[in-house]
Amino acid sequence: MQSTALALSPSTPFFKPLNKKPNLRYSPVSNLSSLKPLDLSSVHGVSSFLSSCSGFSARNSKSFIISNGRYDRFKVKTTSVPENIGETKDSSGLARTLQLGAMTAVWYLLNIYFNIFNKQVLKVYTFPATVTAFQVGCGTLIILIMWASNLYHRPKLTRSQLAAIIPLAVAHTLGNLLTNVSLGKVNVSFTHTVKAMEPFFTVLFSVLFLGEWPTFWIVSSIIPVVGGVALASFTEASFNWIGFCSAMASNVTNQSRNVLSKKFMVRKEDTLDNINLFSVITIISFILLVPAAILLEGVKFTPSYLQSAAKQGLNIRELCIRSLLAGFCFHSYQQVSYMILQMVSPVTHSVGNCVKRVVIIVSSVIFFQTPVSPINSLGTAVALTGVFLYSKAKRMKPKPKAA
């Protein structure tokens with residue numbers, strides 16, 4: 001469809017000689033000498049539009065005439081906007097799509113490597129609180145370098161912002177700690193199958209704390225999620241209650257963080273952009289995790305404990321390198337995730353998160369050669385299908401009630 005813009009005809013003079021007996025009913029102006037040519041630049045929004053559409057073509061134009069008793073004829077033409085503007089929009093849209101696709105691929109790849117390196121470390125170094133503190137510490141270092149080098153602007157926090165962020169940071173800290181506890185006890189694929197239960201807790205907490213009741217389709221999509229996780233749990237070879245309960249508890253903390261962010265950070269002056277919000281949460285998490293790790297596990301990052309870990313399959317050098325790589329991937333994949341969230345809607349992001357979980361489960365099963373029974377595979381597939389349906393149901397806007 002062609003767009004049109006108003007343009008004055010260059011071949012038609014603005015005014016012709018006046019009639020000798022003007023009709024005053026149509027003229028609020030008594031002295032034509034004060035009249036000036038029509039200036040479209042004074043009309044709000046028109047000048048910028050016309051300036052972007054230079055080079056009007058007279059061949060595809062239509063004209064109409066406005067007649068008046070005071071003015072003889074004043075011709076205005078509607079002219080087609082050059083079609084290359086649409087091509088520019090298409091090219092910019094294509095570039096944005098390619099950028100988003102590349103960022104999503106990086107997001108998935110960093111997730112895969114984090115889960116592999118993290119599992120390798122937790123297998124031989126069974127101190128999840130210390131490992132989590134180290135990973136968050138790597139993220140804190142990256143953030144401080146990013147701010148110091150002006151790669152990203154450092155936020156100026158107010159007391160109200162800090163008061164709203166601290167509960168989010170506590171929930172974020174517990175979620176990451178509990179996930180690492182689960183990963184240390186059970187297979188990576190099983191942890192992420194249980195974590196597919198996140199939509200169930202999202203709906204539950206939204207009802208309890210926000211008063212947002214789900215639609216019929218959202219409730220229907222939750223049923224296969226719960227059933228699939230239950231089926232996968234009953235047939236999981238590496239099942240133990242600590243790993244299962246830790247993964248389930250991480251769902252509770254992660255989704256309570258999301259609900260808290262909607263409940264507390266509602267005022268515009270209290271909001272930060274997603275990247276700085278994640279950065280501040282990471283730093284607070286590190287401050288909370290260091291004393292918590294010492295309190296729960298003691299000081300375990302010593303040569304003697306590293307040596308004992310080396311006896312179980314990784315030497316000290318390999319353990320340190322994998323820990324650093326896991327810490328880098330841990331922060332980077334979350335940073336990229338927040339960057340994607342700034343480009344797309346939360347519902348689109350949740351669909352990407354669902355696909356990411358499938359990618360992690362499949363890649364971990366292949367890499368660690370995890371034995372999977374047909375019923376276990378069916379349970380995982382049903383749960384992930386439910387998560388996908390939940391994401392689609394969130395897109396469906398409820399019909400407005402008739403007055």
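The values are calculated or read from the model by the stated rules, or taken from the named source; none is laboratory data. Please read these numbers as outputs of a predicted model, since none were measured by experiment. Reconstructed Cβ throughout: ideal geometry from the backbone, glycine too, with neighbour counts over all protein chains shown. When the accessible area is computed, the model is the full protein with side chains, heavy atoms only, and any ligands, DNA or RNA have been set aside. Shrake-Rupley method; radii C 1.70, N 1.55, O 1.52, S 1.80 Å.
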- Note on the structure: So, first residue over 15 Å from LEU296 (Cα atoms) and part of a loop (DSSP other than H, G, I, E, B) in segment 171-189, second residue open to solvent by 10 Å² or more (accessible area, probe 1.4 Å) and of a type in the set (Asp, Glu), Cβ within less than 8 Å, six or more apart or across chains; the pairs are VAL186/GLU236; ASN187/GLU236
- State whether one or more residues within segment 279-287 are assigned to a helix (DSSP H, G or I) and modelled with pLDDT under 85. no
- Mind counting the residues in segment 354-371 that are crowded, with 20+ Cβ neighbours inside 10 Å and polar (S, T, N, Q)? 1
- Message: It is to be established whether one or more residues within segment 83-104 are hydrophobic (A, V, I, L, M, F, W, C), surrounded by 13 or more Cβ atoms within 10 Å (Cβ to Cβ) and either more than 30 Å from SER364 (Cα to Cα) or modelled with pLDDT of 95 or more (or both).
- Response: no
- Check ALA163 against each of (1) modelled with pLDDT of 85 or more; (2) closer than 27 Å to ASN115 by Cα; (3) in a helix (DSSP H, G or I) and name the one condition it does not meet. (2)
- Note on the structure: With criteria (1) within 20 Å of MET396 (Cβ to Cβ); (2) open to solvent by less than 40 Å² (accessible area, probe 1.4 Å), VAL219 comes up short on (2)
- Query: Is segment 166-176 home to any residue that is more than 25 Å from SER364 (Cα to Cα), of a type outside the set (A, V, I, L, M), open to solvent by 20 Å² or more (accessible area, probe 1.4 Å) and touching a helix residue (DSSP H, G or I) at 6+ places or on another chain (Cβ under 8 Å)?
  - Reply: yes
- Item | Residues located in segment 371-387, provided they are assigned to a helix (DSSP H, G or I) and not small (Gly, Ala, Ser) | PRO374, ILE375, ASN376, LEU378, THR380, VAL382, LEU384, THR385, VAL387
- Residues of segment 198-225 being of a type in the set (Gly, Ala, Ser) and either at pLDDT 85 or above or under 23 Å from the mean Cα position of the chain (by Cα) (or both), in sequence order, are SER206, SER220, SER221
- List pairs: first in segment 227-241 and closer than 11 Å to THR380 by Cα, second among the aromatic types (Phe, Trp, Tyr) and open to solvent by 60 Å² or more (accessible area, probe 1.4 Å), Cβ under 9 Å, 6+ apart or cross-chain? VAL229/PHE200; SER233/PHE239
- In the set PRO346, PRO303, the lone residue that is open to solvent by 40 Å² or more (accessible area, probe 1.4 Å), more than 29 Å from VAL124 (Cα to Cα) and of a type outside the set (Val, Ile, Thr) is PRO346
